[in-house]
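Contents: one structure, followed by commentary.
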């Protein structure tokens, strides 16, 4: 009897989970451009610290050249990732051969060898079409696997995606549905959302910002609508909005609002590639100058351009690889959001991959309540094996209820902050710590609150010229939270 009850409970729980998932997907599909318009309008994009998004070249940009010539063009631009398309001439030394998924193994090896020679990789492929048969799809998926391609860009001509979903699961390769302008089936992101709702999360959208503009659709609103389903981006900026004849211009000089596009992708924690696709017919013989100018614009508005993200992300999740913990307690990591939560007694989570001398440490933190107590350690001189590190490295304090040299943004036990710039408990704060030579500067939410020439003081007996950085956990009652942890070495 007990066994039957347990089986019934398990079946009931599975049904509830399935129902909740279906309800969530139904709600997703019901979202419209109109429903996200107000969300976008109320978002303050100017204050978003734009993350560094990897750039690739959509090879259609160099359609007047061979694929092998495109490698040289990409190298000159400093880009090492490519999105090839089916149909480009492969190379002058292989006349009559076109790049596509029908290439034999000998040519595939030749391409891989040439990519290795240039230090480049293929990250996606398309726009490619196939029929709704396993034979047609398998040929493309097998090719992608051989080439190390993670995303296939397509515009399905069939409604039943069950076979497509089966192969996505089998190969663990993304499908990104591209949007050509009207009258394409998928010109409207609502149609894409309707198509992918309920399917495996690896089936999503290839967001072509230029084609959305030609169809009169605001790219930022379209991106917000497709949040969580964006697998690839064809990044374009056009001279006009809402005109089919509009042409590509360097990023930042057109009507696309590239800043807000990248800010929206940052808010979504987008982890795909920005595929640069420049289609201006007047520049087809030499698009490189416009591309170079556009990439320079992207770099100029990227807050984290020269930073390293030290709370890593790989294979669709955040990870603590490269971090070690000393002492009581621990940090819980939400692998989906990248949020660390301190638990247990007072210990130290330290980044063990390398030591730093002069650097900027940039992160966000949140206090559970006013009694949250934590800190950020700078230049820990040796591998922590005892509590001795607290006497040989500086701690930037987090303790809103503390006083003077024990208050948030103080150098603990040594130097008090000039003013309070932290937000009330429960809100995220941005902290930027610069340690150069003996000078320590701390900024909280854009305010310089401490600028001090370090010297042994308080508990600190001496400090090293280089060392590790670490995060302190204190207790479970009033935990500390950290996210978006970046560091930039100063030379």
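Brief remarks on what is shown
- Efficiency of FRET from Cβ geometry, residue 306 and residue 385, R₀ 41 Å, rounded to 0.05: 0.80
- Taking every DSSP bridge with both residues inside the chain, close to 70 percent are antiparallel.
- Taken over the stretch 238-375, the convex hull of the Cα atoms encloses 174 Å³ per residue.
- Relative intensity, log₁₀ I(q)/I(0), of the stretch 146-224 from a Debye sum that treats every alpha carbon as a point, q = 0.16, 0.21 Å⁻¹: -0.59, -0.93
- Based on DSSP H segments of at least four residues, each scored -39500 (n - 2.57), the chain has a per-residue ellipticity at 222 nm of -8500 deg cm²/dmol.
- Taking all pairs of distinct alpha-carbon atoms in the chain, Kirkwood radius in angstrom: 25.2 Å
- Based on C-alpha pairs under 8 angstrom that are at least 6 apart in sequence, the stretch 313-489 has a relative contact order of 33 percent.
- Over the stretch 394-484, the pair-distance histogram of Cα-Cα distances with 5 Å bins from zero comes to 3, 13, 24, 27, 19, 11, 3, 0 percent, rounded to whole numbers.
- Burial ordering of 191, 227, fewest other beta-carbon atoms within 10 Å first: 191, 227
- Contour excess over end-to-end distance, with Cα ends at residue 352 and residue 105 and 0.36 nm allotted per residue: 84.7 nm
- Contact order, relative form, for the chain: 13 percent (alpha carbon pairs under 8 Å, 6 or more residues apart, mean separation divided by residue count).
- Cα gyration tensor, the stretch 313-489 - rounded (a/c under 1.5), prolate or oblate: rounded
- Restricting the calculation to Cα atoms, the stretch 44-147 shows an Rg/Rh of 1.05 when the hydrodynamic-style radius is the Kirkwood one.
- The coefficient of translational diffusion for the stretch 39-305, derived via Stokes-Einstein from the alpha carbon Kirkwood radius under 10 °C and 1.306 mPa s, stands at 85 µm²/s.
- Given in Å, the Rg to one decimal and the Dmax to the nearest whole number for the Cα atoms of the stretch 69-218 are 16.2, 47.
- Residues 234, 474, sorted so that the one with the fewest Cβ neighbours within 10 Å comes first: 474, 234
Only the coordinates and a few stated rules stand behind these numbers; no lab work does. None of the values given here were measured: they were computed from a predicted structure. Using ideal geometry, Cβ is built from the backbone for each residue, glycine included, and neighbour counts are taken over all protein chains shown.
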